[in-house]
1. Within segment 58-78, how many residues are open to solvent by 40 Å² or more (accessible area, probe 1.4 Å) and touching a Ser or Thr at 6+ places or on another chain (Cβ under 8 Å)?
2. Going through segment 99-113 one residue at a time, which ones are within 21 Å of Ala171 (Cα to Cα) and either open to solvent by 90 Å² or more (accessible area, probe 1.4 Å) or aliphatic (A, V, I, L, M) (or both)?
3. Restricting to segment 13-31, count the residues that are open to solvent by 60 Å² or more (accessible area, probe 1.4 Å) and of a type in the set (Val, Ile, Thr).
4. If you take the residues of segment 114-166 that are small (Gly, Ala, Ser) and not in a helix (DSSP H, G or I), which of them is most open to solvent (accessible area, probe 1.4 Å)?
5. Take segment 311-324 and flag every residue that is over 9 Å from Asn288 (Cα atoms) and assigned to a helix (DSSP H, G or I).
6. Failed condition for Ala239, given (1) surrounded by fewer than 15 Cβ atoms within 10 Å (Cβ to Cβ); (2) modelled with pLDDT of 85 or more; (3) more than 30 Å from Gly168 (Cα to Cα), with all others met?
7. Out of the residues in segment 260-280 that are under 17 Å from Asp33 (Cα atoms) and out of contact with any Pro (no Cβ under 8 Å at 6 or more places or on another chain), state the one that is most open to solvent (accessible area, probe 1.4 Å).
8. Of the conditions (1) more than 13 Å from the chain's Cα centre (by Cα); (2) at pLDDT 90 or above; (3) surrounded by fewer than 19 Cβ atoms within 10 Å (Cβ to Cβ), Asp183 satisfies every one except a single condition; which number is it?
Amino acid sequence: MGQADSGNLVSLPLPFLTFLLCAALAVVVWRLDTGVRASRVFFALLFALFALEAFLVGLRFGYGIDLFVGVQRVLPLLVGPVMYLGFLALAEGPERFRRLARWHLAVAAGLVLLTLWRPVAVDWVIGALFAFYIGALVLLWRKGSDHLVHARLGLSRGLSNWMLRGAGLMAFVLVMDVAIAADFALSGGRHVRTLISWGSVPLILLFGAVLFALPRLVVERPQVEAVPAEAPDDGVLRAAREMLEESELYLDPDLTVQRLARRLHVPEKTLSAAINRGEGMNVSQYVNGFRVRHAATLLRETDASVSEIVTRSGFLTRSNFYREFQRVYGQTPAAWRKGG
């Protein structure tokens, strides 16, 4: 690199600071209980990819070590599918998710092999892939937090917000990659070190903020006696059903499994396990069943619009309402209202 760059911000090991933050985030995310193990795995892998990429960028542009440049150039091809699959695992059932995951990962692997064979095309492929997954994340986000039906009750809204932030992060990285590719094309990479240095600053601030915010979601090991295997699931289910029916707590869109468990005076783990074993669904789906039945009554007995009924029944989005109504009743709300 030129002498003009020797005194600028790149003398600071900013990519290595990004590496340390992302490595720490990978560990923290691994301990998260999002509701689905696959989601946690993909999010941890995402930050591990960011950490490895930052480390290799630091070696290449900070110390001129180009030994791993091939790996460093293709790592971004995995960012989009890994991030998207982390959120998709919370929205799709296990079987469908596995099929979609195999498809997305197979395409990503094929693109990695293609760009290793034809390195000249890597920047174009990365740009197209990032644009695709930014759009996919935005479309998934627009379906609303209630679409994340497999997320832990109470986390779906926060995870939906992080989905949009993830799309924004990918957009920023895409802009950085375009700027770096343009600099290589126009000036032989004369300003790349400066671009990477200044681009690292907002990334460091973002990852630092994420590291500060995530511990609130880390699973705390409950300091309670272990629940015996023969715990009376029927009693827990009966108490949960009676409370939800009498208090209509399900009409609160911000109802969480923690609040429900506290009202029942049982550990959260006990409630979740009882519903899973007794009803074959998670707590979110169980609560949505009460919301759907409430909505069905309103559809038959009132002239309220569907939008109004969605709100009055505790749903946050129409899309989730329609999906859950179809799951419970096997028909659309309109067909139910007509007596079909």
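1. So the count comes out to 1.
2. If we filter segment 99-113 for residues that are within 21 Å of Ala171 (Cα to Cα), which is where we start, we get 104-105, 107-108, 111-112.
Selection gives Leu105, Val107, Ala108, Leu111, Val112.
3. Qualifying residue count, segment 13-31: 1.
4. Of segment 114-166, the ones small (Gly, Ala, Ser) are 121, 127-128, 131, 135-136, 144-145, 151, 154, 156, 158, 160, 166.
Now drop any that are not not in a helix (DSSP H, G or I), which leaves 144, 151, 154.
Numbers: Gly144: 11, Ala151: 6, Gly154: 44 Å².
The extreme case among them is Gly154.
5. Result: Thr311, Arg312, Arg318, Ser319, Asn320, Tyr322, Arg323.
6. Failing condition for Ala239: (1).
7. Initial filter on segment 260-280 (under 17 Å from Asp33 (Cα atoms)): 261, 267-273, 276.
Of the ones still in play, those that are also out of contact with any Pro (no Cβ under 8 Å at 6 or more places or on another chain) are 270-273, 276.
Working: Thr270: 18, Leu271: 1, Ser272: 42, Ala273: 29, Asn276: 90 Å².
If we take residues in segment 260-280 being under 17 Å from Asp33 (Cα atoms) and out of contact with any Pro (no Cβ under 8 Å at 6 or more places or on another chain), then Asn276 is most open to solvent (accessible area, probe 1.4 Å).
8. (2)
The values are calculated or read from the model by the stated rules, or taken from the named source; none is laboratory data. The structure displayed is predicted, hence computed values, not measured ones. All Cβ positions, glycine included, derive from the backbone under ideal geometry; neighbour counts span all protein chains shown. Remember, those area values only see protein heavy atoms, side chains included, never the ligands or the DNA or RNA. Shrake-Rupley method; radii C 1.70, N 1.55, O 1.52, S 1.80 Å.
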